[in-house]
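Peer 1: I'd like to ask you about the structure that follows.
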Amino acid sequence: MLHLLNLAAEAGLPLLLAGRAPPARWPVALADLRSRLRAMTAVGIREPGEGLLATLLRQDFARRQLRVEEGLQAWLLLHLPREAAVVAEAAARLDRAALAHGGRLTRALARATLPELAGFGPDDESMAMAAAGCPQPPTLL
């Protein structure tokens, strides 16, 4: 890696490194490499914000030529995980479900289609019960 960093610097080329931790925190035994890694600029990538997720969901639906009411889109964003890939997968599943049922997308269709999607949140009734302080029923395994 030290040689790669040196070659990129000599050629005046940018180098992008990716990791779960900033390069300055990487466990490196070689002092020269450790000093170069500590001198690098590190930028964290956070989860997408609400606005970006809403835009991605709209774009995913538009690419599939689906017309989805804004209320349903807002409901989906409340229940979907904060990950762009999951939002895209949800749009794809909803597209297939709408085609299979020959109708438009509804909240009921989304509830029936998305429960097996990793991270899909509880339905409105469960959320209302939780807000009222009611205990949730046990999950069956």
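Peer 1: Please calculate the 1.4 Å probe accessible area of Thr106, with all protein chains present, and give it to the nearest 10 Å².
Peer 2: Near enough 50 Å² of accessible area.
Peer 1: To the nearest 10 Å², what's His79's accessible area with a 1.4 Å probe?
Peer 2: 10 Å²
Peer 1: When Lys and Arg each count +1 and Asp and Glu each count -1, what net charge do the other residues less than 9 Å away from Arg82, Cβ to Cβ, add up to?
Peer 2: Local net charge: -3.
Peer 1: May I pose another question? Subtract the Cα-Cα distance of Met1 and Arg93 from 0.36 nm times their separation in residues, and report this length gain in nm to one decimal.
Peer 2: Between Met1 and Arg93, full extension yields 28.9 nm more.
Peer 1: Taking N as the number of residues in the chain, what is its Cα Rg relative to 2.2 N^0.38 Å?
Peer 2: The chain yields a ratio of 1.56.
Peer 1: Can you give me the relative contact order of the chain as a percent, contacts being Cα pairs under 8 Å and 6 or more apart? Numbers along the way, then the final one.
Peer 2: Working: 94 pairs, mean separation 23.7, N = 141.
Once normalised by length, the contact order is 17 percent.
Peer 1: Now for a separate question. Rolling a 1.4 angstrom probe over the protein heavy atoms, how many square angstrom per residue are accessible across the chain?
Peer 2: Normalised by residue count, the accessible surface of the chain is 71 Å².
Peer 1: What do you reckon, how do Asp95, Asp32 stack up by accessible area (1.4 Å probe), largest on top? Present the calculation step by step, with values, prior to reporting the outcome.
Peer 2: Values: Asp95 30, Asp32 90 Å².
Largest accessible area first, the list is Asp32, Asp95.
Peer 1: Of all accessible surface on segment 1-92 at a 1.4 Å probe, what whole percent is carbon and sulfur?
Peer 2: Numbers: 3680 of 6580 Å².
Carbon plus sulfur share of accessible area: 56 percent.
Peer 1: Using the per-residue mean of other Cβ atoms lying within 10 Å as a proxy for protection, in what order, highest first, do the peptides 109-116, 46-53 fall?
Peer 2: Packing proxy ranking, top to bottom: 109-116, 46-53.
Peer 1: Continuing with this model, one more query. Which peptide among 18-26, 57-65 comes first, and what is the full order, when sorted by highest mean count of other Cβ atoms within 10 Å? If you can, show how the numbers build up before the last one.
Peer 2: On the way: 18-26: 11.7, 57-65: 14.8.
In descending order of packing, they fall as 57-65, 18-26.
The values are calculated or read from the model by the stated rules, or taken from the named source; none is laboratory data. Just so we're clear, the structure is a prediction, and the values are computed from it rather than from any experiment. Ideal geometry is used to build each Cβ from the backbone, glycine not excepted, and the neighbour counts take in all protein chains shown. Heavy atoms of the whole protein, side chains included, go into the accessibility calculation; ligands, DNA and RNA do not. Shrake-Rupley method; radii C 1.70, N 1.55, O 1.52, S 1.80 Å.
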